Amino acid sequence: MRLNLNWRWYPWQDLDPDTLYAFLRLRVDAFVTEQNCAFSELDGLDPRCEHLCARDPAGPLLGYLRLLPPGLKSRYPGLGRLVVAPSARGQGLARSLLQAGVRACHERYPEQDIAISAQQHLEDFYRRMGFEVGSKPYLEDGIWHVDMRKAWTR
């Protein structure tokens, strides 16, 4: 990836208002506006998650991912809400965000698989990153999804 970014994990209590607004805005722009999907982006899980922000040194937030602890949505730790700003797409940032998320899961929750709910059209991307499909496709908020899991490996 050719982007030079500042990467930072935030527990909920360390989020400043500007960072919180930036990642909520990026998520709403992508998951509600771009995908024309009317759903409540605020699902009540964020206060119990960690948040990875990839920011341009000049300021704009270009990428985001959240890490869900085991027991929140699945018995496994999970990753979700992976999003890249339109201006940074096609440069490998999604892959870098996912790799950072997988590393963080392995550090925080060793010897546990990682669970995700992936939009079905992104299934091949996640497969290339080591995730395997664990469910039949299902509709969530009007978009087809599949549950996927990455087995823990040393």
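Readers should treat all values here as calculations from the given coordinates under stated rules, not as data from a laboratory. Computed from a predicted structure; not experimentally measured. Note that each Cβ is placed from the backbone with ideal geometry, even for glycine, and that neighbours are counted across all protein chains shown.
Things worth noting here:
- In this structure, SER135 does satisfy being in a loop (DSSP other than H, G, I, E, B), surrounded by fewer than 17 Cβ atoms within 10 Å (Cβ to Cβ) and hydroxyl-bearing (Ser, Thr, Tyr).
- Flag if TYR64 is among the hydroxyl-bearing types (Ser, Thr, Tyr) and either surrounded by 15 or more Cβ atoms within 10 Å (Cβ to Cβ) or in contact (Cβ under 8 Å) with a residue 60 or more places away in the chain (or both): yes
- Filtered by the rule that a residue be surrounded by fewer than 18 Cβ atoms within 10 Å (Cβ to Cβ) and under 12 Å from the mean Cα position of the chain (by Cα), segment 103-118 gives a lone residue, SER117.
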